[in-house]
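The values are calculated or read from the model by the stated rules, or taken from the named source; none is laboratory data. In this text, all values refer to a predicted model and were calculated from it rather than measured experimentally. Cβ: placed from backbone, ideal geometry, glycine included. Neighbour counts: every protein chain shown. For accessibility, only protein heavy atoms count, side chains too; no ligands or nucleic acids. Shrake-Rupley method; radii C 1.70, N 1.55, O 1.52, S 1.80 Å.
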Amino acid sequence: MNKKELPLVIATLSYLILLAMCLLMLFICIPLKVTGIEYLIIIFMAVLIIGYLVVALIRMNTYVYKCPHCNSFNKMNFIEVLFSKRGNNERKLKCKTCKRTNYMERHLK
């Protein structure tokens with residue numbers, strides 16, 4: 001892990017811990033028929049969506065992707081972060097220089 005990846009790791013771990021805590025509270029409170037379950041469900045959905053978006057923003061500002069054809073580095077936009085096809089250490093993106101769509105390897109900024 002590099003020093004530049006530390007905020008991404010912290011955000012991802014915090015996101016996963018918050019999700020686990022919300023799920024645990026839901027699994028405990030639903031069988032006990034505690035009042036106000038609908039608020040817990042709303043909180044869980046908010047943590048799920050907002051947390052994912054925050055991690056995606058941090059990921060967008062942490063990595064660049066290198067085109068195998070023209071060797072240029074491409075920064076992803078927010079839509080590409082959310083919806084691009086992922087590989088092991090790469091993403092399928094359209095190069096902004098040569099306009100080819102292929103799997104690009106991830107590199108730190």
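Compute for the chain: radius of gyration divided by Kirkwood radius, i.e. Rg/Rh, restricted to C-alpha atoms, rounded to two decimals.
Radius of gyration relative to Kirkwood radius: 1.15.
Note down the nm distance, to one decimal, between modelled labels 7 Å out along Cα→Cβ at E5 and at K94.
Label at E5, label at K94, 3.0 nm between them.
What accessible area, in Å² to the nearest ten, does a 1.4 Å probe give for C95?
Accessible surface of C95 is approximately 0 Å².
Would you work out what percent of the accessible area of the chain, with all protein chains in place, is carbon or sulfur (probe 1.4 Å)?
68 percent
Considering only protein heavy atoms, what is the solvent-accessible area of T35 at a probe of 1.4 Å, reported in Å² to the nearest 10?
130 Å²
Pairing the Cα long axis of helix 6-32 with the longest principal axis of the chain, what angle in degrees results, from 0 to 90 and rounded to the nearest 10?
Value to nearest ten degrees: 30.
Can you pull out the cysteines in the chain that have no other Cys Cβ under 4.7 Å?
That list is C22, C29.
Just to confirm a number: summing +1 for Lys and Arg and -1 for Asp and Glu over residues other than T101 whose beta-carbon lies under 9 angstrom from that of T101, what do you get?
Spelling it out: positives minus negatives among the neighbours equals +4.
Ordering L93, L32, L6 by accessible area with a probe of 1.4 Å, largest first, what comes out?
So the residues, ranked largest to smallest area, are L32, L6, L93.
Could you size up the charge dipole of the chain around its Cα centre, putting +1 on the beta carbon of Lys and Arg and -1 on that of Asp and Glu, and report it in debye to the nearest 20?
That gives a dipole near 700 debye.
Please calculate the 1.4 Å probe accessible area of V55, with all protein chains present, and give it to the nearest 10 Å².
Surface accessible to solvent at V55 totals approximately 10 Å².
So for S84, S14, what's the accessible-area order with a 1.4 Å probe, most first?
S14, S84
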